1. Residue under question is Thr139, and the condition is that it be hydroxyl-bearing (Ser, Thr, Tyr) and touching a residue at least 60 places away in the same chain (Cβ under 8 Å); does it hold?
2. Out of (1) of a type outside the set (D, E, K, R); (2) at pLDDT 95 or above; (3) surrounded by 13 or more Cβ atoms within 10 Å (Cβ to Cβ); (4) out of contact with any Pro (no Cβ under 8 Å at 6 or more places or on another chain), what's the single condition that is false for Ser39?
3. Given Arg83, Arg50, Arg61, Arg56, which one is free of Cβ contacts under 8 Å to residues at least 60 places away in the same chain, basic (Lys, Arg) and loosely packed, with under 14 Cβ neighbours inside 10 Å?
4. Please count how many residues of segment 95-128 are under 30 Å from Arg72 (Cα atoms) and either free of Cβ contacts under 8 Å to residues at least 40 places away in the same chain or touching a Lys or Arg at 6+ places or on another chain (Cβ under 6 Å) (or both).
Amino acid sequence: LEPKLDSAFSNVTVIIGQTALLLCSIENLGKYKVAWLDSNSITLTYEERRIVDDSRFAIERPNVENWHLQVREVRMSDAGQYRCTVNTYLVKRKVVHLFVNVPPTILGPSPSKEIIVVHEGANLTIACNATGSPQPEITWSR
C-alpha cells in the first residue's frame, strides 16, 4: 500500500510569539521516510530528528500516523509555506501555509486627557495610526 497523507493543503494562523502546530498525518507509511521543508526548500526535520539549527522546531508524534511540525515562539519571518513530504518514487507532499498575526498597536504618543478648544467653523485634524498584521482597521466614535 502507498502512503496516504491526510490532505494536500491546509492553513494555520498563529499570533506572533505563540506556538504553531502544522499538522501532517500519514497512513501506511511503511518503509518510507518523512521530512518537513520550509518555503526555501531547507530541510527542517527528517523523521523525528531536527536538521535545522533552530531549537524552536520539533516533531510532535501523538500517535504513529502523526508527523506534526511544532514551531515555538513564532516570528514574522516564519510565515510562509511548509511541506510535509514522504520519499515515495513520486514524492507525496502536504503543503501547510503558516500565517503570523501581530496584534494591533496604536502608534505615536498616548492620547492626552487635555481638552482641545476649537472655535466654531475652524478645522480640527485628529490622526490615529496603527500597526499590526493583518493591517488593523481604524474606526472612530464619539
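The values are calculated or read from the model by the stated rules, or taken from the named source; none is laboratory data. Remember, it's a predicted structure, so these values are computed and weren't measured experimentally. Glycine gets a Cβ as well: all are built from the backbone with ideal geometry, and neighbour counts include every protein chain shown.
1. Here the answer is no, as Thr139 does not meet what is asked.
2. Among (1) of a type outside the set (D, E, K, R); (2) at pLDDT 95 or above; (3) surrounded by 13 or more Cβ atoms within 10 Å (Cβ to Cβ); (4) out of contact with any Pro (no Cβ under 8 Å at 6 or more places or on another chain), Ser39 violates only (2).
3. Working: Arg83 fails: loosely packed, with under 14 Cβ neighbours inside 10 Å; Arg50 fails: loosely packed, with under 14 Cβ neighbours inside 10 Å; Arg56 fails: loosely packed, with under 14 Cβ neighbours inside 10 Å.
One residue alone meets the criteria, Arg61.
4. Let us first name the residues in segment 95-128 that are under 30 Å from Arg72 (Cα atoms), namely 95-107.
Among the residues that remain, those that are also either free of Cβ contacts under 8 Å to residues at least 40 places away in the same chain or touching a Lys or Arg at 6+ places or on another chain (Cβ under 6 Å) (or both) are: 95, 104-107.
Adding up the residues that qualify gives 5.
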